[in-house]
Every structure is written in structure tokens, then in C-alpha cells.
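K.L.:
For reference, the structure I am asking about is given below.
The values are calculated or read from the model by the stated rules, or taken from the named source; none is laboratory data. Nothing here was measured: the structure is a model prediction, and the numbers come from that model. Because the Cβ atoms are built from the backbone with ideal geometry, glycine has one as well, and the counts that use them run over all protein chains shown. Side chains are part of the model used for accessible areas, which takes the heavy atoms of the whole protein and leaves out ligands, DNA and RNA. Shrake-Rupley method; radii C 1.70, N 1.55, O 1.52, S 1.80 Å.
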Amino acid sequence: MLKLAVSLSLIWALTLLYGEMFSFWVPFLSCSWSHPPSSSSMVYKGLGWPGSESWSNVALDWCINLCCPWFQTDGVDHQRDYVKIAVLTDPQLMDRTSLHLAPKSFALEAAQFYTDLYMRRAFLSSILPSKPDIILFLGDYFDGGPFLSDEEWQESRSRFKHIFDIDMLEQTTNIKLYYLAGNHDIGYAAFHSRMPEVIKRYEKAFGARNYQFTAGKVDFITIDAQTLDGHPQNNVTPATWEFVKNVSKHLSSNPRVLLTHIPLYRPDQTACGSYRSSSIINQRINRAAQDNEILLGHNSIHRYQNYITEKGTNDLLDSIKPALILSGHDHDQCTVNHKSKYGSVKEHTLGTISWQQGNLFPSYMLLSASNLILPNGSMPEEAISTKVCFLPVQLYIYIWYILLFVMTLLIAVLWPTNGVLFPHYLDGFLMNVRGLISSSFSGGGKKLKSEDEIYEYEEIWDAEGSMHLIKKTFKVSSTCSSDSASVERGNAVMRSVARKQETDTSNPSDVTLHIGSDTAVKALPRTNKSKTKMVIRRLVRTLSIITIIAAFNIPLYMMLLFKDWIDK
């Protein structure tokens, strides 16, 4: 029993270590930065090793920097000819508006905790080890942001800062953080006119909603997409388009990346590429009947839009002339090409980083922006490289936990008390086969004495409740040899009766029947009692095994939880 309990405990320990820790190392180990072509042309002096986008060359760079820091390249700092940007979107922290659960209830608190823990592990174990220079959030940090009271909103913001270690990043690292407003953070334009304090609250915590920044030799244009299709008389909508107009007037040789929470317009049934796991979502835009404005896409009561309108999309493409577009909002992957009068532009819609937002395959993006001036004749998109990285499927991990628990129970209950008895059963089967072969070859000659005529069997019950048959030899007298042939072969009780006939031969058949039936009646209670003992012993053994497994693995599980949850 102890060996079985130890074996199961080790299986559980390895399962927990993988599900709670090792699985979050896989994205970091398997998904590396995809360098822009301008940096991959670098050649190591004297060795002729060209840079590459493959993982093996990234490992080569790491080994050279670690083991041979004196090793020089051809005048180009490989670590600085591109800027590394990690892009995340739609964490949408669960709150009282997310599920039909009472606020502060145990079910809601548990759902919030495990969702937050998943994203914190993903950030600390998968994203930060990649050492990004910039972390870019594409919106929807909260779920019911505009509907939360100031106290609830601040509580959700504290959770957001804890999950992504914002204070540590701002105080102890050189990593820059940039934010983009989402519809679940501030609502749509019509909501702004009714509750302007929502925008003030957001801007106080996260900064401006329309701005631009430069990373390397690439310009990033951030817009508040929720206001693009608002009413022209609403002050927030003209302000966003005025920002777009000013950007279009500013001439720059740097390629541009357009950042928008809501994806741009695309025709219905447009394919999204191989990364998408859910069905295609077509254009859906509902406006309030009173003022023809979009409200907030929080539930079916409010107005909603999946994409920016076609007119708004064309105006953005013509004004900004982006080389790449990044968006969120849809919670699933989608890669499409837009046609503009300046050529084709690719848009990447990123999937959510949360496993509780309708996507089984959470993800993030690693974006590399060139830090070098592009040579003449280069295309703007050559300065930007992207790589989508997928996180562990949390639902599959929990399903495996449940299956392993069921298998553990079955093994603990059904596992033989004396280990695996298959060799014993195999020996008995081979013995029977040999007996049949011997009988077949004996033909019509003198029949061999049956093994049952010279042996008797005695039932022995061990301490674990298992029954064993012990074979014993005995001498058969000549006077009862003829009678023994009529006794059932292999029945120890009937042969005992036959031996008793030697002393009392007055009525052998009656005595045999009487004693045999009396013995069977006495054996029945003993059999039932033995089965009851066996069931009790198996239950006790099962509880003991489960207790041993729990005593070893529950502390391990709690340690893994708090290791990731506490502040670093």
C-alpha cells in the first residue's frame, strides 16, 4: 500500500508542477522574438554566422553574450538594433457585472482569484523573461468599468496593477508602459456625454486616450476608437478626428503602426487566418434610436459594434498611412489585409490574455521595431516583425486534474491487496493447459490418477481480506477409493465426508448429504462476514492512500499558489 501511495503522490506532484508552473515556461522557451530583416543581416566577425529569426540563433546570441562578452560584432550592437515590445489585450478583470453572482460571494471571489492568477503567471513566467523594452496594453482592462463605483473601480485597478506588477515595473525597471482605452474601460461616445466623469477617471490613471510615441525608428499612433463613430456634435468625437488630422499633417520618414482597440471594417465572411479558433464574427453595429449613437457593448441591452464603420476605416487608412494595424476587442485572433489607396495594409487582431473571456487559447504578441534607418528601396513593413505566442490552455489542465483524481480513486479501490496477481493467474492457466495436453496424449490407456484425488484444498484468509487456497496431500484408503470417485472433484468438504464414511458405513449416502448440507450452511455466514471485512479493509486502505497523497501534494499546491500570487 505504501509503495502505491508513494507512486501516486509522485504522479500528482509532477502533474501539479507542470500545470501550475512548468506549462507557463513553455511559451517563453518556444516563442522568441522575430527580428526585423534589417537586424538579421548582421554577420558575426570571423565566423560568418548570419543572424536569423530562428530560436537556435537567439540561443546562440545568448550563449555568446554570456560566455564570450569580449566577442565583437561588425560594429552593430545586436541587442540594440531593434526594440522589443510585448503586446497584451483584453484582460477584462471579472467583477460584479461579469457573472450572475452576488458581489463578494465565494463563487465570484474564487473565479476572480483563479482568473487573475492565470494572467499573473502568464505575465511573470512567459512575458517578462523575454525582457521586453516596452509593454503595450490594447484596452479593456476592466469588465464593467463604466458601471463601477469609484471604490469598485479603484479596487479593480489595484488588481490590475498587482497582476501585471505595474509598481515594480515603474520603480525598478526601464520598461516603458503604454495604454489604450477600450469600450469596457470608458464606454462609447454616447456614454461619455452622459457620464463625462468616466473619461476623467480613466485619464487620471492611464493617461491620454489619443497620443503617439516612437520606438526605435517606428511611430505608434494610439487612438480612442470608441469615439470615432460618435455623433459629430459630441465633443469627444471631433477631438479624436482632430488628432488624426494633425497626425496626417506631420510628415515623418518612420513607418507607422496604428493602435486601435476596435478592429477596422472588413466585409462579412472575411477569413481570419489559421490562428483563429472561434467562428468568424461579422459586422454588427447597433445605434441608439434617439441620437443615432453607439452606447456601451456590455450586454444585450446596450448598443454595440464589432468593427469601426467602413467610412471611418477608410478615413483612418488614408490619413495615417499605417504599415501595420494592431487591435483587440474580439478576444480571438484575426489577421486580415486592408486595401487602401496607398496599398495593402495588414491588421493583427490579438486574442485575449485571459482564459475566462471566451477563448480557450489565450495569447500575446512579441513585436520587434527596427532601431536602424531603413536603406533606400525598403518597404515600411520591413521595419516591423511580429510573433504570436500562445499560453497554456487552463481548461485542459483542470480537466486533467479531474481525470487524474478519478483514476486515483479507481486505482486505490481496485488495486490488488498483494500487488499485481497476474503471474499467479498465468501459472494457473498454464497448469490447466498442461493437464489438458496430458489428458489428450494419454489416449485410451490407463487413466492417470486425478490430481484432485490426492490433494485437498483449504481456504485461508489473510489480514488484507484476500482468500487463498492451500493445497494439501492426503492418503486415500482402498476401501473408499470407489466412493471417492462419486464425490465432486476438487471439493474439500465432500472428501472430508468421504473419509468419515470409513468409520460409519451404515448409510453412506445419507450421511454424505446430511453433513455436506450442514457444512454449507455453516460456511455461508463465514463467507458474508469475510466479504464485509474485505470491503471495510479496502475502504480504509483507499482513505489511507488518499490521505497520504493529500498530505504531500496539498502543501505543494498551496506553495505554488502563493509563490505566484505574492508580490515579488
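K.L.:
Please indicate, with yes or no, whether at least one residue in the range 334-351 is open to solvent by 50 Å² or more (accessible area, probe 1.4 Å), part of a loop (DSSP other than H, G, I, E, B), over 29 Å from Asp116 (Cβ atoms) and in contact with a Lys or Arg (Cβ under 9 Å, 6 or more places away or on another chain).
P.N.:
yes
K.L.:
I'd like to check something: does the range 71-91 contain any residue that is modelled with pLDDT of 95 or more and farther than 27 Å from Glu382 by Cβ?
P.N.:
There is at least one residue in the range 71-91 that is modelled with pLDDT of 95 or more and farther than 27 Å from Glu382 by Cβ.
K.L.:
List the pairs whose first member sits in the range 399-423 and is within 18 Å of Leu10 (Cβ to Cβ) and of a type in the set (Val, Ile, Thr), whose second member is surrounded by 13 or more Cβ atoms within 10 Å (Cβ to Cβ) and modelled with pLDDT of 85 or more, and whose Cβ atoms are under 6 Å apart, counting only residues at least 6 apart or on separate chains?
P.N.:
Listed pairs, sorted by first residue: Thr408/Leu8.
K.L.:
In addition: Exactly one condition in (1) at pLDDT 95 or above; (2) over 27 Å from the mean Cα position of the chain (by Cα); (3) under 21 Å from Tyr141 (Cα atoms) is false for Arg303; which is it?
P.N.:
Failing condition for Arg303: (1).
K.L.:
For the range 366-394, enumerate the residues that are assigned to a helix (DSSP H, G or I) and modelled with pLDDT of 95 or more.
P.N.:
Hit for the range 366-394 is Gln394, nothing else.
K.L.:
Sticking with this one: Taking into account only those residues within the range 24-39 that are assigned to a helix (DSSP H, G or I) and out of contact with any His (no Cβ under 8 Å at 6 or more places or on another chain), which is modelled with the lowest pLDDT?
P.N.:
Step by step, filter the range 24-39, then rank; the result is Ser38.
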